[in-house]
Amino acid sequence: MADGTESDSRRLLRRLRDSLAEPGKGQERLDRITHLIADSMRCEVCSIYLFRDDDTLELCATEGLKAESVHQTRLRMGEGLVGRVAKSGQPVNTGNAPAERGFRYMPETGEEIYSAFLGVPIQRLGEKLGVMVVQSKTARQYSEDEVYALEVVAMVVAEMTELGAFIGEGEALSALHTHPVMFRGATGQEGAAEGRVWLHEPRVVVTNPVADDPQAECIRLRAALDELRLSVDTLLTETDPGDGEQQQVLEAYRMFANSRGWLKRMEEDIHRGLSAEAAVEKEQSATRARLDQVPDPYMRERLHDLDDLANRLLRILTGQGYETGAAMPENPVLLARNIGPGELLEYGRKLKGVVLEEGSVGSHAAVVARALAIPLVIHAERITTEALNGDHILVDGDQGIVHLRPDENVAAAFRDKIAMQAKAMERYAGLRLLPALTLCGTTVGLHMNAGLMADLPSLEGSGAEGVGLFRTELQFLIRNQVPKRGELAALYSRVLDAARGRRVAFRTLDIGSDKVLPYMKPQDEPNPAMGWRAIRVGLEKPGVLRMQLQALLRAAKGRPLTVMFPFVAQFEEFLEARDHLLHEIDREGALGRTLPEKIEIGAMLETPSLAFAPKAFFELTDFISIGGNDLKQFFFAADRENERVRRRYDTLNVSFLTFIAQIVGRCEESGTSLSFCGEDAGRPVEALCLAAMGLRNLSMRPASIGPVKALLRRVDLREARAVIDAAAASGAHSVRPAIMEWLSRHAEVV
């Protein structure tokens, strides 16, 4: 770019800064900006459109169009050229606007005489705020330098919008981060919570987007980059050389931190008039815009790396670290784009709830949230850009809904819901010591799922008869290297101590799919849920499996031990895994160590294939636990992580219940103990139907035991089975309507 053009760009930004510094209300400032840009760029028209809601743009200021159209002209996202810029996040530059695809003529603005059109998004780090437009009568395309100049001005306007420079009357000029907003995500963990926002990564605010001295800003940028590079190099030297995956990630960090192209683009931004901070943020915004367009997972991961580095560089330049000095509010609800299990565990039980922009129902964070018994909502898109620390927030984990800065009517209704739940919990507490004995005299064993020592106190409080599933992978997921055998033995021993003689079913390491160890090389698989995971990993890499089995045997210290292998699809897999355990028993005995007084060896039935295993499998295994979450997704060919299909299939579907009945029948023939473990076991109506189909043991999260027990104690399973059979005979797809109608007449629906 020529020096003269650089000077023009800086002069425009300086005039913009001076204009914004003048006193005045939001509308006055916007009017001055449109006049200034039209004058500087020698255009007949400059207009600013801002979002009044998520889908509607409003003309908020103009130089050149009819004044009476301001705050009257509105466009939907994607409508017209302005709407196209807003939707795509990309500029539209044309010399003949009426001939462009999607052009919409708005007669109230008087724009019919203008041919040339340039529109750029007003956005900040992926948050779309509006569109800035210039127009001319002359049919011409705007130059690359003019496009860049308008983009830079739009970015400064976005920063000033974030800082509240354009507050005025009407929705489009209302203050950001003040209105009630509802986010509809997905349930990661059920429950309800009211509290105050605590951002896992506080927003960096750039207060000086325009700078007068490019040389000084370039020096600041290079010094900050040197500090960033040094921190990456330090991380590399401190990383275990054997930890290849982490080394690879940090090497990618180093490559980006030393990228000449990245530095060159930021320095060009500075020479055009931006401060070092604003130049970094401009590049970061461009990276986030590209993230939305890139389908390739590897490229998205690399762009995430660059985005993270830019965030680190911004914190160095601004001095705004992760520790802002703000005190965590009372009843904190954690908000993050995503979070690892170790980080979430560090917050512990002080959190009232967690809301993530990403995540999945089977993610590490979801597993930890269940262990901590706090509600979790996932896929709450853009909530971290909308929320501020301390904002009032309501988390409805049951519905997957979050209310940010709710009005009093919503908050009052939500508190009523929490109060009703609390009242119900008091009622359930009175049943804690009573069995789940149905009216027909059948007792159903109710057990809890666990994965952390923090779960174990719930054994007493919930009334669980034991631990139907203890997830052993959490201790592997929250570390940067494989835990030692002695550490695992000590942990498993403490679990058995806390159980006080109650049965604990330890599930061996269930990794792969969505549970990737930090120190394990990810597998590039087209469908990881059906790929190299769980027992398949253990049998192909038996070292860790055998080490874990040794730890379990030593932890028992002579007490009874229950071990189950996950994701067994074939009889041969169970035989091989069982042989590994028997070998370790013989080895421990030969070493003179105390062996468990009794050992149960079982399998999780999570694939339909295992239900059709040879009779010898059912006779050999001591017990079977149906893993309902996985079994259902494979039975229906519906990925439970895919929101478009996971809710289309009902547990109370006649086909699925018939399949469950077949499994129950095979276990009854061989005298094999059978249980059901998963989300459905903790849903009272589903639990009732599972019990009616013959299941006599259910394992669920501790908070579900009370509601399930309360319903089971009020029903006759024989009557429920008759209702199910009648619905099936009638050709119904699901027995849910029939069961709900029967319950409305015979028992309170929980």
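Derivation of every value follows stated rules applied to the coordinates shown; laboratory data play no part. Keep in mind that what you see is a predicted model, and the values were worked out from it rather than measured. Ideal geometry is used to build each Cβ from the backbone, glycine not excepted, and the neighbour counts take in all protein chains shown.
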Practice prompt. Determine the dipole magnitude for the chain: charges of +1 sit on the beta-carbon of Lys and Arg, -1 on that of Asp and Glu, nothing else is charged, the reference point is the Cα centre, and the result goes in debye to the nearest 20.
Written response: 2200 debye
Worksheet item: When DSSP beta bridges are limited to those with both residues in the chain, what percentage is antiparallel, rounded to the nearest 5?
Response: 55 percent
Practice prompt. Work out the FRET efficiency for Gln72 and Arg42 from their Cβ-Cβ distance, taking R0 = 35 Å, and round it to the nearest 0.05.
Written response: 0.80
Discussion item. Compute, for the stretch 3-162, the length of the dipole vector about the Cα centre, with Cβ point charges of +1 (Lys, Arg) and -1 (Asp, Glu) only. Units Debye, rounded to 20.
Written reply: 120 debye
Discussion item. Could you give the length gained by full extension between Glu22 and Leu491, i.e. 0.36 nm per residue of separation minus their alpha carbon distance, to one decimal place?
Written reply: 162.4 nm
Worksheet item: At a Förster radius of 41 Å, what calculated FRET efficiency corresponds to the Cβ-Cβ distance of Asp407 and Lys137, to the nearest 0.05?
Response: 0.30
Fill in: Entries of Lys484/Lys541; Lys87/Lys417; Lys87/Lys632 with Cα pairs more than 28 Å apart
Lys87/Lys417; Lys87/Lys632
Worksheet item: Counting pairs of alpha carbon atoms under 8 Å apart in space and at least six apart in sequence, what relative contact order in percent does the stretch 3-162 give?
Response: 19 percent
Fill in: Those residues of the stretch 374-409 whose amide nitrogen sits under 18 Å from the label point placed on Glu201, 7 Å along Cα→Cβ
378-389
Worksheet item: Name the residues of the stretch 618-637 whose amide N is less than 16 Å from a point 7 angstrom out from the Cα of Glu572 along the C-beta direction?
Response: none
Item to complete: Work out the charge dipole of the chain with +1 on the Cβ of Lys and Arg and -1 on the Cβ of Asp and Glu about the Cα centre, then indicate which of Gly682, Gly80, Ile113 is farthest towards its positive end.
Response: Gly682
Worksheet item: Over the chain, what is the mean sequence separation of C-alpha contacts under 8 Å (at least six apart), divided by residue count, expressed as relative contact order in percent?
Response: 10 percent
Discussion item. Quick check for me: using +1 on Lys/Arg Cβ and -1 on Asp/Glu Cβ, what's the dipole size of the stretch 432-718 about its Cα centre, in debye to the nearest 20?
Written reply: 780 debye
Worksheet item: Can you list the aspartates and glutamates whose alpha carbon sits under 19 Å from that of Lys709, skipping same-chain ones fewer than 8 residues off?
Response: Glu190, Glu426, Glu460, Glu465, Glu679, Asp680, Glu686, Glu719, Glu748
Practice prompt. Net charge near Arg405: determine it from the other residues with C-beta under 10 Å of the C-beta of Arg405, scoring Lys and Arg +1 and Asp and Glu -1.
Written response: -3
Discussion item. Restricting to DSSP H runs of at least four residues, report the calculated mean residue ellipticity at 222 nm for the chain, -39500 (n - 2.57) per run over all residues, nearest 500 deg cm²/dmol.
Written reply: -14000 deg cm²/dmol
Item to complete: Please work out how much length the chain gains when fully extended from Leu434 to Glu227, using 0.36 nm per residue of separation minus the C-alpha to C-alpha distance, in nm with one decimal.
Response: 68.3 nm
Worksheet, complete the sentence: Expected sort for 388-400, 257-269 on mean C-beta neighbours within 10 Å, highest first, is 388-400, 257-269
Response to the item:
With the charge dipole of the chain built from beta-carbon charges (+1 for Lys and Arg, -1 for Asp and Glu) about the Cα centre, the Cα from Leu125, Ala373, Pro702 projecting farthest to the positive end belongs to Pro702
Item to complete: Rank the residues Arg533, Arg140, Arg736 as a footprinting-exposure proxy: fewest other Cβ atoms within 10 Å of their Cβ go first.
Response: Arg140, Arg736, Arg533
Worksheet item: When a footprinting reagent is the concern and you count Cβ atoms within 10 Å, what order do Ile339, Ile599, Ile624 take, fewest first?
Response: Ile599, Ile339, Ile624
Practice prompt. Express in nm, to one decimal, how much length is gained between Asp145 and Asp725 on full extension, taking 0.36 nm for each residue of separation and deducting their alpha carbon distance.
Written response: 201.4 nm
